[in-house]
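Here's the structure we're looking at; comments come further down.
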Amino acid sequence: MPTNKKLLILAGDGIGPEVMAQVKRVLEWFAKNQALSFDTEDELVGGCSIDKHGVPLTDAAMAKAMKADAVLLGAVGGPKWDNLPFAQKPERGLLRLRKDMELFANLRPALVFDALADASSLKRELVAGLDIMILRELTGGVYFGSPRGIETLPNGERRGINTQVYTTSEIVRVARVAFELARKRGNKVCSVEKANVMESGVLWREEVTSLHKAEYGDVELSHMYADNCAMQLVRQPKQFDVIVTDNLFGDLLSDCAAMLTGSLGMLPSASLGAPDATGRRKALYEPVHGTAPDIAGKDLANPLAAILSMAMMLRYSFGLAEQTDRVEAAVRRVLAEGLRTGDIFQSGCRRVGTREMGEAVVAAVRG
Ligand code: NAD
């Protein structure tokens, strides 16, 4: 299956390059054995770009990201750059990517591999086999709404202001992604807001309901208040398939769902933009974890979150379901065989480093 799809790799700082090296090995296996190769380029982002170019992301790297069919990112930041002014920090590179690529849909799967069910803070029976997707609106809502700021009132008191705003089109485009995702999964969407106390929540519910009625009647739709959703996620998480929610609630609920799975080193993510005329979406795939300065350069990082992020790329940017299943099955298999990096280590298992975990995944992909 030859492709000339363009892939930009931004490994970043800390453990970013270490985990990305393992992702590249899996991609190399596909290139050699399935004639599935991408036109791949590497660029700098974050602290390493500041060191070399003086900025966290150059215009040239940004231009390549805009042209790429998909961008794979490691992580950015670290103590070396902590004291820079906010506008020059490594994270600005990541924020620029998200903003310029208009990545409004953030997909955060919470998947519990059987072999790791005991690592969750919840009981095994509540989480074993868990497979839910939290879809967070990423570019609107209270984090961006105006007016915002801190003002001093005539009586000398100070007042902090943020504004929750959503327009019809912002709600509809993310709801559409939710329904499309659900059709390829368990066919259920739970839309989450606070329509009981917020007008933006009322609009959210109305727009999701009318889109459902007009185009997605085959998908099961339910609505839930965000506070109840937080409770249900820790009470009975398997009731959900796709949860779609706004930026603020999504920030909280996706972290809550992430912890059901036990380790940061296992969590992939994807951020998607709107489809263009050809149906192609700008897309960025990255593990949820950061640069882990405490273990960087020591061959201790878990590369599975980065590898699973690449698997999401195969599915969502390139529609390669068979190859995605192959990578996910390989991860399942190495875990079932008892291989563990330090972050997910359990007694009775075999402790391995980043490289050995990567090698094991490639061997398991081979089948
Ligand atoms: P972190 O995710 O880097 O690390 C938190 C803890 O989890 C650490 O103990 C770390 O060793 C461990 N950990 C994380 N990923 C791991 C992996 N793959 N394998 C094994 N253990 C892993 O979060 P932090 O310590 O809060 O932040 C460190 C730096 O990373 C900061 O500069 C922060 O700004 C940056 N950061 C970047 C991103 C990103 O690029 N998307 C996200 C979060 C944090």
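The values are calculated or read from the model by the stated rules, or taken from the named source; none is laboratory data. All of these numbers come straight from a predicted model, not from anything done at the bench. A quick note on method: Cβ atoms are made from the backbone with ideal geometry, for glycine too, and the neighbour counts reach across all protein chains shown. When the accessible area is computed, the model is the full protein with side chains, heavy atoms only, and any ligands, DNA or RNA have been set aside. Shrake-Rupley method; radii C 1.70, N 1.55, O 1.52, S 1.80 Å.
Looking at region 1-56, how many pairs of lysines come closer than 18 Å at the Cα, when each pair is eight or more places apart or spans two chains?
Working: Lys5/Lys24; Lys5/Lys32; Lys6/Lys24; Lys6/Lys32; Lys24/Lys32.
Number of lysine pairs found: 5.
Note on Lys52 and Lys188: the model spin-label points, each 7 Å out from Cα along the C-beta direction, lie 4.7 nm apart. Remark: spin-label model distance Glu206-Asp299 equals 6.1 nm, labels positioned 7 Å along the Cα→Cβ axis. For a test of the definition: using alpha carbon positions, the gyration tensor, and the 1.5 limit on a/c, classify region 168-230 as rounded, prolate or oblate. Taking the square roots of the gyration eigenvalues as a ≥ b ≥ c, region 168-230 is oblate.
I need the semi-axes of the equivalent ellipsoid of region 28-67: take the C-alpha gyration tensor, multiply each eigenvalue by 5, square-root it, list largest first in whole angstrom.
Largest first, region 28-67 gives 28, 12, 5 Å.
Stick to the Cα atoms of region 203-337, pair each with every other, and give me the Kirkwood hydrodynamic radius in Å at one decimal. Let's see the in-between values first.
Numbers: mean 1/r = 0.0573 Å⁻¹.
The Cα-based Kirkwood calculation yields 17.5 Å.
The alpha-carbon atoms of region 66-177, seen along their principal axes, cover 59, 33, 32 angstrom, with the largest extent given first. Under 12 Å from the Cβ of Leu116, count the other residues' Cβ atoms, weight Lys and Arg +1, Asp and Glu -1, and hand me the total. Residues close to Leu116 contribute a combined charge of 0.
What ratio of Cα Rg to 2.2 N^0.38 Å holds for the chain?
Numbers: Rg = 20.7 Å, N = 367, 2.2 N^0.38 = 20.7 Å.
Cα-based Rg divided by the globular estimate yields 1.00.
Computed from the Cβ-Cβ distance with R0 of 35 Å, the FRET efficiency linking Arg332 to Ala60 stands at 0.35. With no solvent and one equal point scatterer placed on each C-alpha of region 1-107, evaluate the Debye formula and give log10 I(q)/I(0) for q = 0.12 Å⁻¹, two decimals. So the normalised log intensities are -0.43.
Charges were assigned to the Cβ only: +1 to each Lys and Arg, -1 to each Asp and Glu. The resulting dipole of region 230-367 about its Cα centre is roughly 340 debye. Is any residue of region 268-301 close enough, with backbone N under 12 Å, to a label point placed 7 angstrom from the Cα of Glu215 along the Cα-Cβ axis, and if so, which? The answer is 275, whose backbone nitrogens lie closer than 12 Å to the label point.
Take the alpha carbon atoms of region 112-226, find their radius of gyration, then divide it by 2.2 N^0.38 Å using N residues; give the quotient.
Values: Rg = 18.7 Å, N = 115, 2.2 N^0.38 = 13.4 Å.
Here the answer is 1.40, to two decimals.
Measuring nothing but alpha carbons in region 245-303 and taking Rh as the Kirkwood radius, the Rg to Rh ratio lands at 1.08.
Hydrophobic long helices, here whole DSSP H runs in the chain with Kyte-Doolittle means of at least -1.0 and Cα atoms spread over 15 Å or more along the helix axis, are found at 16-34, 168-183, 199-215, 247-260, 304-316, 321-336, 354-366. The largest accessible area among His53, His289 belongs to the first residue in His53, His289, and the rest follow in falling order (1.4 Å probe, all chains). Taking N as the number of residues in region 268-367, what is its alpha-carbon radius of gyration divided by 2.2 N^0.38 Å? Ratio of Rg to 2.2 N^0.38 Å for region 268-367: 1.20. When Tyr285, Tyr316 are compared by accessible area of protein heavy atoms, the largest-first order is Tyr316, Tyr285, using a 1.4 Å probe. Using only the alpha-carbon atoms of region 305-348 as identical scatterers, what base-10 log of I(q)/I(0) does the Debye formula give at q = 0.21 Å⁻¹? Treating every Cα as an identical point scatterer, log10 I(q)/I(0) equals -0.69. Subtracting the Cα-Cα distance of Asn83 and Ser347 from 0.36 nm times their residue separation leaves 91.1 nm of extension gain.
Measuring only protein heavy atoms, the 1.4 Å probe finds Ile295 accessible over about 50 Å². Spacing of the modelled spin labels on His223 and Lys123, each 7 Å from Cα toward Cβ, amounts to 3.3 nm. Taking each DSSP H run with n ≥ 4 as -39500 (n - 2.57) and averaging over every residue of the chain yields -12500 deg cm²/dmol at 222 nm. In the chain, taking the dipole from charged Cβ atoms about the Cα centre, the farthest positive-side position among Ala360, Tyr143, Ser120 is held by Ala360. Counting only Cβ charges, +1 for Lys and Arg and -1 for Asp and Glu, the dipole size of the chain around its Cα centre is about 440 debye.
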